[in-house]
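No lab work stands behind these numbers, since they all come straight from the coordinates. Just so it is clear, the model here is predicted, and its values are computed rather than measured. Cβ placement follows ideal geometry from the backbone for every residue including glycine, while neighbour counts extend to all protein chains displayed.
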Amino acid sequence: MLRLFPDLSEDLLLRLYHKGAHVHWTSEDIDWDAPVALDERGSLALARVLSPVYLGEQSAMLGAANVLPQLAMAGESTAQLYLTTFLGDEARHFEVLTRLYQRLGHQPVSIRALPAMLRYHHRLRQGDRVDWVWGILISDLFAKHFYQLFAHSQENLLFGTMSQRILVDESRHQAFCDHYLTKVMPHLGQERRKALRSMRDELLSTMEDMQAVLGEDAEVLGFSGQDMVDLVALDVRVHAQRIGLDQEPPPTDGVPGSFGKPVDLAERRRLKAEEDTNRPQQMGPAQDCDCSLCPIAALCSSLVVRRAAAR
Ligand SMILES: [Fe+2]
Ligand SMILES: [Fe+2]
């Protein structure tokens, strides 16, 4: 795995590494005196809708640490260098969002209230470095649309300015994923590419399940979670085309032909709505909860319950 004199020829990943290394910042660069301008319900709503993104920042940081040795084993030295800055980016996003939660005075939604969140991150952890980069691209596109909402609507407020900073980092992540996947795509077999398309559909569907639970909170903050997922799905389609995933064979192998039908979120939504109307009412909306005060927290985090939630 260790190479005494690895190939570090100039490429886009090396340039992204240089960019990332030059723009490091931490929570100490954030103006924490900036106003949040949200009432109690608004603060709770932000804490709730932010939960999947917050877990995503942590998951991306840990996933990158896991993938780093795989890149080294494959001799992908510039990708390996780049990923060290990616790790630092996600670490600071995780850190600043943790401090934001303290400022809001609320905790993220628990896994019990939003099991789709765990299902999503469990799916991201499966497979090898190619699966991971593809999953991270999809997650980064979700994060991009989420942060953009606040970067515009809360331009001079605490979360808006924080979102603007995070978006700059996320744009490097997308450039990395696009570049890496475009290079690797012609070398993947048809079944492998089909599996990546299934993964995309699975992640988008799970994303929609999360937004369905958080819909009321999104409305409090003035946006529609479903509209956001639709935008993400469109963006994912654009990137899938760009990297050659939706073409069979991939572009460098000849004339591309259209292949596969991406998940139809609108149709899925219609079927779910039908199911919901036929199902008897069970319980009210999930509440913000504090696991440290909950008597069944140990049971909730047990392997058996986590496996059931992941199904
Ligand atoms: Fe991030
Ligand atoms: Fe990211």
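Results, tabulated for the structure shown:
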| quantity | calculated |
| --- | --- |
| Convex hull per residue volume in Å³, alpha carbons only, for the chain | 157 Å³ |
| Qualifying trypsin sites (Lys or Arg not before Pro) for the range 1-72 [loop in DSSP, other Cβ within 10 Å: at most 12] | R3 |
| Shape parameters for the range 58-102, alpha-carbon atoms, Rg then Dmax in Å | 12.3, 42 |
| The range 1-137, Cα convex hull volume normalised per residue, Å³ | 123 Å³ |
